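Asks: Got a structure here, written out as structure tokens. Questions coming.
The values are calculated or read from the model by the stated rules, or taken from the named source; none is laboratory data. If you're wondering where the values come from, they're calculated on a predicted model, not measured in any experiment. Please note: Cβ atoms are built from the backbone with ideal geometry, for glycine as well, and neighbour counts cover all protein chains shown.
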Amino acid sequence: MSTSQDPGRGAQLRLSSVGRDFGANTVLRGVDLQVPAGQFVAIIGRSGCGKSTLLRLLAHLDQPTRGRISLGAGEAAGGTRLMFQEPRLLPWARVIGNVEVGVSDANLPASRRERALGLLVEVGLAGREDDWPGVLSGGQRQRVALARALASRPQLLLLDEPLGALDALTRIEMQRLIERLWLDQGFTAVLVTHDVSEALTLADRVVLIDRGEIALDVRVDLPRPRRRDNPELGALEEQILDYLLDGANKDQAPAAA
Amino acid sequence: MTTSTSGVLPVEAQQDEAAPRREVPTWLKVLQVRVADAGAGWVLPIGLLAVWEAAARLGFMAETILPAPSAVLLAAWTLLLKGELFTHIGVSGARALAGFAVGGLIGFGLGLANGLSNVSRKFTDTTLQMTRNVPHLALVPLVIIWFGIDEGAKLFLVALGVFFPIYVNTLLGILTVDPQLVEMGRAYGMSNATLFRRVLLPGALPSIFVGVRYGLGIMWLTLIVAETIAASSGLGYMAMQAREFLLVDVVVLAIIIYALLGKLADSVARALERRSLQWHPSFRAS
Ligand SMILES: Nc1ncnc2c1ncn2[C@@H]1O[C@H](COP(=O)(O)OP(=O)(O)OP(=O)(O)O)[C@@H](O)[C@H]1O
Ligand SMILES: [Mg+2]
């Protein structure tokens with residue numbers, strides 16, 4: 001199923017020894033990563049290891065101290081979109097207005113509205129366009145944020161733990177929604193998550209960041225949609241968690257490492 | 001799965017049982033409560049008016065201390081027929097609005113400028129905050145020396161009084177807009193103009209309205225003082241003239257008209273606020 005996407009729509013991503021310091025604190029040492037167009041990459045790692053920092057660099061919200069980031073292949077209008085951990089909807093704009101934020105101002109108002117309405121249908125919120133964000137549930141707000149992020153037909157979609165605050169059931173629903181939209185639209189996706197099993201359910205490739213570098217790069221070549229009880233997923237999860245726990249031991253006794 | 005469904009069922013059953021007990025339609029209940037609320041609010045003022053009227057008629061209060069409400073109404077009617085009342089109200093209203101417009105626009109403009117630009121804020125904010133400590137009514141003698149009892153004096157005082165609350169609240173509003181939303185706007189490619197129109201201004205609006213309503217209060221207060229001390233027309237002048245001729249009913253009338261105008265200005269501001277802050281939980285129609 002993952003072959004049904006159109007790789008021409010996604011952006012290619014290349015990071016060469018990208019580093020970021022905050023004062024004396026080196027958060028990212030040197031990250032080398034090549035992501036082919038249309039791939040779904042999940043980034044995992046301990047809290048504070050620099051996942052959000054990396055994503056903000058990819059979104060051009062921040063500049064790297066060292067190294068280069070290049071976004072290959074037909075960098076057109078849609079460009080890069082970041083979906084934050086919080087929905088970050090404008091409380092004074094109705095749902096439709098919030099989705100229109102994602103549509104370029106270059107479009108005529110009527111076509112912006114039409115595009116936004118179409119996306120609301122896609123994320124399963126048809127008929128809620130005139131509601132205020134304040135009356136939506138947490139999961140619905142994240143869906144509006146997803147619609148907003150996709151409204152410009154981005155070639156690269158960055159997701160910073162967008163499902164962290166949702167309950168287990170809504171989380172699974174949102175994961176399926178993201179997977180479906182990714183398969184339909186063929187954008188390149190980079191998902192930051194705390195949840196190893198979420199990473200394995202969604203991604204073609206799971207990248208683990210540790211001590212400012214990529215420590216593990218695991219390919220997940222399993223058919224979609226993936227079932228959570230798939231034994232191969234379980235084995236991969238075990239392997240990654242083992243690495244993380246070993247790493248924790250090394251932290252406690254750095255001399256032995 | 002099966003165990004969880006059997007756990008859910010009783011809860012639903014309980015809710016079903018509770019639902020049909022609502023017999024009185026909700027709108028009727030709301031109406032009853034509204035009428036009761038409004039009624040309760042009016043009992044005391046009407047009662048006081050009745051006591052006041054009775055006290056005046058029975059001679060407990062001298063006409064020269066506090067005339068009966070009916071006497072005040074009569075005075076209003078006489079002045080209305082002479083055409084004087086509307087002239088005075090018009091003059092005072094025009095002064096209030098002009099002073100509010102001038103002070104409000106300057107305060108709003110400087111508040112925006114200092115909220116949006118660090119350079120501008122560093123340059124002017126300290127000075128503005130320092131002058132804020134001078135009560136503007138303390139300037140009355142100085143203002144009379146400068147402007148005499150011209151329109152300029154009233155305009156200056158009202159504008160000065162209105163300026164600060166609007167300046168401070170506009171600045172505060174812009175500075176406290178959620179930085180995460182600003183970042184979102186930038187990440188989604190908003191230009192500075194769009195960011196201002198779609199994020200900063202709407203985010204600052206609740207605070208700006210606080211400033212406007214506060215400013216309206218100061219506007220009337222300043223005008224009353226200015227017109228009482230130095231004017232040759234307007235409601236305050238009318239009251240002072242009446243005092244010289246011991247027309248206490250006209251003095252009371254002027255006070256009541258000031259109160260009504262103040263209430264009117266506040267209601268208009270509230271209505272505007274409710275209209276433009278529909279999204280805000282505290283203004284959402286229930
Ligand atoms: N603007 C900043 N100034 C100074 N330090 C920063 C800044 N942004 C991030 N950091 C530091 O960089 C480190 C990594 O932060 P980052 O937010 O990228 O972590 P993370 O991997 O996303 O963690 P989490 O999983 O908890 O979200 C932290 O130690 C943080 O204190
Ligand atoms: Mg983070």
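Asks: Considering only helices (runs of 4 or more DSSP H) fully contained in segment B:174-286, which possess at least 3 residues that are in contact with a helix residue (DSSP H, G or I) (Cβ under 8 Å, 6 or more places away or on another chain)?
Replies: Counting at least 3 such residues, we get B:179-187, B:201-229, B:235-244, B:248-276.
Asks: From the residues in segment A:179-200 that are among the hydrophobic types (A, V, I, L, M, F, W, C) and within 14 Å of A:PHE84 (Cα to Cα), which one is surrounded by the fewest Cβ atoms within 10 Å (Cβ to Cβ)?
Replies: By that ranking, first place goes to A:VAL192.
Asks: Ok, one more. If you scan segment A:201-236, which residues turn out to be of a type in the set (Asp, Glu), away from ligand 1 (no atom under 16 Å from the Cβ) and not in a helix (DSSP H, G or I)?
Replies: A:ASP204, A:ASP217, A:ASP221, A:ASP229
Asks: What are the pairs with Cβ atoms under 6 angstrom where one residue, in segment A:183-198, is in contact (Cβ under 8 Å) with a residue 60 or more places away in the chain and the other, located anywhere, is more than 16 Å from ligand 1 (Cβ to nearest atom) and aromatic (Phe, Trp, Tyr)? Sequence gap at least six, or different chains.
Replies: Between residues of segment A:183-198 that are in contact (Cβ under 8 Å) with a residue 60 or more places away in the chain and residues that are more than 16 Å from ligand 1 (Cβ to nearest atom) and aromatic (Phe, Trp, Tyr), the close pairs are A:ALA189/A:PHE40; A:ALA189/A:TRP182.
Asks: In this structure, is B:ARG132 in contact with a Phe, Trp or Tyr (Cβ under 9 Å, 6 or more places away or on another chain) and surrounded by fewer than 17 Cβ atoms within 10 Å (Cβ to Cβ)?
Replies: Yes: the conditions hold for B:ARG132.
Asks: Still on this structure, please answer the following. Taking segment A:34-68 as the region of interest, how many residues are more than 16 Å from ligand 2 (Cβ to nearest atom), in contact with an Asp or Glu (Cβ under 9 Å, 6 or more places away or on another chain) and on the phi > 0 side of the Ramachandran plot?
Replies: Residues meeting the conditions: 2.
Asks: Any residue in segment B:120-135 that is in the same structural domain as B:TYR214 (by TED's automatic domain parsing) and under 21 Å from B:ALA94 (Cβ atoms)?
Replies: Checked against the condition, which is being in the same structural domain as B:TYR214 (by TED's automatic domain parsing) and under 21 Å from B:ALA94 (Cβ atoms), segment B:120-135 yields no hits at all.
Asks: For segment A:94-146, enumerate the residues that are surrounded by fewer than 21 Cβ atoms within 10 Å (Cβ to Cβ), closer than 22 Å to B:ARG275 by Cβ and either among the acidic types (Asp, Glu) or more than 14 Å from chain B (Cβ to nearest Cβ) (or both).
Replies: A:GLU129, A:ASP130, A:ASP131
Asks: Whether any residue in segment A:66-83 is under 23 Å from A:VAL135 (Cα atoms) and modelled with pLDDT under 90 is what I want to check.
Replies: No, because not a single residue in segment A:66-83 is under 23 Å from A:VAL135 (Cα atoms) and modelled with pLDDT under 90.
Asks: Among the numbered criteria (1) crowded, with 16+ Cβ neighbours inside 10 Å; (2) within 16 Å of ligand 2 (Cβ to nearest atom); (3) not aromatic (Phe, Trp, Tyr), which single criterion is violated by A:GLY164?
Replies: The single condition A:GLY164 does not satisfy is (1).
Asks: Among the residues of segment A:20-33, what is the count of those that are out of contact with any Ser or Thr (no Cβ under 9 Å at 6 or more places or on another chain) and within 16 Å of ligand 2 (Cβ to nearest atom)?
Replies: Going through segment A:20-33 one residue at a time, the tally reaches 1.
Asks: May I pose another question? Which of (1) surrounded by fewer than 21 Cβ atoms within 10 Å (Cβ to Cβ); (2) under 23 Å from A:LEU82 (Cβ atoms); (3) away from ligand 2 (no atom under 16 Å from the Cβ) is the odd one out, the single condition A:ALA149 does not satisfy?
Replies: Of the numbered conditions (1) surrounded by fewer than 21 Cβ atoms within 10 Å (Cβ to Cβ); (2) under 23 Å from A:LEU82 (Cβ atoms); (3) away from ligand 2 (no atom under 16 Å from the Cβ), the odd one out for A:ALA149 is (1).
Asks: Return the only residue of B:VAL158, B:VAL177 being within 11 Å of chain A (Cβ to nearest Cβ) and either under 29 Å from the mean Cα position of the chain (by Cα) or within 20 Å of B:ALA113 (Cβ to Cβ) (or both).
Replies: B:VAL177
Asks: Could you tell me which numbered condition A:PRO91 fails, if it satisfies all but one of (1) over 30 Å from B:ASN192 (Cβ atoms); (2) surrounded by fewer than 20 Cβ atoms within 10 Å (Cβ to Cβ)?
Replies: (1)
Asks: Now for a different question. Can you run down the residue pairs with Cβ atoms below 8 Å, 6 or more apart or on separate chains, where the first is in segment A:108-128 and in contact (Cβ under 8 Å) with a residue 40 or more places away in the chain and the partner is of a type in the set (D, E, K, R)?
Replies: Listed pairs, sorted by first residue: A:VAL123/A:ARG143; A:GLY124/A:ARG143.
Asks: Would you confirm whether or not segment A:111-129 contains a residue that is polar (S, T, N, Q) and not assigned by TED's automatic domain parsing to the domain that holds A:ALA199?
Replies: yes
Asks: In segment A:80-93, what residues are touching a helix residue (DSSP H, G or I) at 6+ places or on another chain (Cβ under 6 Å), of a type outside the set (A, V, I, L, M) and at the interface with chain B (Cβ under 7 Å from one of its Cβ atoms)?
Replies: Passing the criteria: A:ARG88, A:PRO91, A:TRP92.
Asks: When segment B:145-192 is examined, which residues are found to be without any contact (Cβ under 8 Å) to a residue 24 or more places away in the chain and of a type in the set (D, E, K, R)?
Replies: B:ASP150, B:GLU183, B:ARG186
Asks: Which of the residues spanning segment A:12-65 are within 15 Å of ligand 1 (Cβ to nearest atom), part of a strand (DSSP E or B) and surrounded by fewer than 21 Cβ atoms within 10 Å (Cβ to Cβ)?
Replies: A:GLY19, A:ASP21, A:PHE22, A:ASN25, A:THR26, A:VAL27, A:ARG29
Asks: Among A:ARG153, A:ARG143, which is basic (Lys, Arg) and either touching a Cys at 6+ places or on another chain (Cβ under 6 Å) or touching a residue at least 60 places away in the same chain (Cβ under 8 Å) (or both)?
Replies: Within the list A:ARG153, A:ARG143, the selection yields A:ARG153.
Asks: From the list A:GLU161, A:GLU198, pick out the single residue that is under 25 Å from A:ASP229 (Cβ atoms), in contact with a strand residue (DSSP E or B) (Cβ under 6 Å, 6 or more places away or on another chain) and within 16 Å of ligand 1 (Cβ to nearest atom).
Replies: A:GLU161
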